[in-house]
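Reading through the structure tokens given below for one structure.
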Amino acid sequence: MKKVILLFFVMSLFFGAYTQEVKKGFSFGALPAISYESDLGFQYGALVNLYDYGDGKSFPAYNHSLYMELSTYTKGRVVARVRYDTEKLIPKIRSTVDVSYITDPISDFYGFNGYQSVYNPDYSGTNKGFYGNSQTMFRAKTDFQGKFGHSHFGWVGGYSFYQFDVDTLNLSRLGRKYEGEGLFQKYRRWGLIEDDEASGGNLNYLKVGLKYDSRDQLACPTRGIFTEAVIQAAPKYLNKNPHSKFSLIHRQYYSVAKDLVFAYRLDYQATIGANKVPFYAQPLLTTSYLVAITNQGLGGKSSIRGALRNRIVGDDIAFGNFELRYKLIRFNLLKQSFYLGSNLFFDSGVILQPIKIDFSKISNEERKLYFDEYESGKLHSALGLGLKIGWNENFVISTEYGRALNKQDGKSGVYIGLNYLF
């Protein structure tokens, strides 16, 4: 963290006058994939983002973007990802293709329904494997977006395939301590995770929805609205465990003053119908297109920064992110445009409809240890701040620190990576 802050300070001293450098043709941002997340550890590897700006008339909008990453984290996660985004492949339709393979030998599992599942930090300190399982995910997504005429209204559609392989933890090969029965194993013994979902499975999702998008740019909007209503269904004829989710996401951006923007995102996601959702699919958050490596929560980098990753899981959930974003200084270097920025944020989420828990197989002693009474409307919140380096407007290096406001959600989180949250 200190090194990142020092980098911002030194760059602001050496580079002063700024003029917008319009990009034409091909450009790229290439970096070692060096980042840090409290939930995952340090990341190392390589990534590159290639851009084609064409004749530059629409800059900072691009014709084509190709993102490639191969990296690993010190806590064991491995990421291989290719993401292609364009509005030129199919005229007047934005097409996004994402193929990713992610292995996570220590995937966080804190139970269901947020505060109803008691989090004991002593278990995390003395038994590194209690709140977790082993998970591998392969994902292939194709997302499409189009407009109705020349208006800001449009449609979204897509298909996603997921393959999850889930197992209990094997920490001995990672040199970590693990004793006794973890929470994931207890959920299996109690019947809260059934045998047909305990080892994972395949998911085939079809997605359709409507959107309204008046943002002035994608990477860091300064004004406009982006609202989407999406239904993502795993139909019976394609899935062993059919289910559906409805999401309503509203993002809005206000230019308060020069280079000062207030931005917020409100997200509501509900389970449709009576079918049971496999436990490994519950954390997935639906959106029209995916920017981050994963979109799972609530808790962690992509939703409630500072709370434990996947801490809040329920049938129906809602959360909000509220940010003040300020671009401190702009400068040019080697014909490349840069800016230094900062953001202050407040994140909060809530379980609106809990997952049904059958206590019949849970002893009174275990129930007192691992469960609390469910309280509707109880918020999971965190606040924090961040620093940003923008490179040619579209490539944004990000550092953020968030602190949970309730110890049941953990203590804090540090996230060093790419892009604004929304």
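The values are calculated or read from the model by the stated rules, or taken from the named source; none is laboratory data. All figures in this text were calculated on a predicted structure; none of them were measured in a lab. Reconstructed Cβ throughout: ideal geometry from the backbone, glycine too, with neighbour counts over all protein chains shown. The area values use the complete protein model at the heavy-atom level, side chains included, leaving out ligands, DNA and RNA. Shrake-Rupley method; radii C 1.70, N 1.55, O 1.52, S 1.80 Å.
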Surface per residue (accessible, 1.4 Å probe) for the chain, Å²
45
What is the distance in Å between the Cα centroid of the range 179-203 and that of the range 359-381?
18
Compare the Cα positions of P354, S255, N332 along the charge dipole of the chain (+1 at Cβ of Lys, Arg; -1 at Cβ of Asp, Glu; about the Cα centre) and return the one farthest towards the positive end.
N332
Quick check: at a probe of 1.4 Å, how many percent of the accessible area of the chain sits on carbon and sulfur atoms?
60
Only helical DSSP H runs with n ≥ 4 go in: add -39500 (n - 2.57) per run for the chain, normalise by residue count and round the 222 nm mean residue ellipticity to 500 deg cm²/dmol.
-2500 deg cm²/dmol
Counting only the heavy atoms of the protein chains, how much of K378 is accessible to a 1.4 Å probe, in Å² to the nearest 10?
80
For the range 159-263, what class follows from the C-alpha gyration tensor (a ≥ b ≥ c being the square roots of its eigenvalues): rounded when a/c is under 1.5, otherwise prolate if a/b is larger than b/c, else oblate?
oblate
By how many degrees, between 0 and 90 and to the nearest 10, does the Cα long axis of helix 2-14 differ from the longest principal axis of the chain?
10
Taking the Cα centre as origin and putting +1 on Lys and Arg beta-carbons and -1 on Asp and Glu beta-carbons, what dipole magnitude results for the chain, to the nearest 20 debye?
880
One finds, for T74 and K147 with R0 = 51 angstrom and r their Cβ-Cβ distance, a FRET efficiency to the nearest 0.05 of 0.70
Taking amide hydrogens as modeled 1.01 Å from N in the peptide plane, which residues meet the under 5 Å criterion relative to A307, leaving out close sequence neighbours?
G300
Quote to one decimal, in nm, the extra length available between Y212 and F262 on full extension: 0.36 nm per residue of separation minus the C-alpha distance between them.
16.1 nm
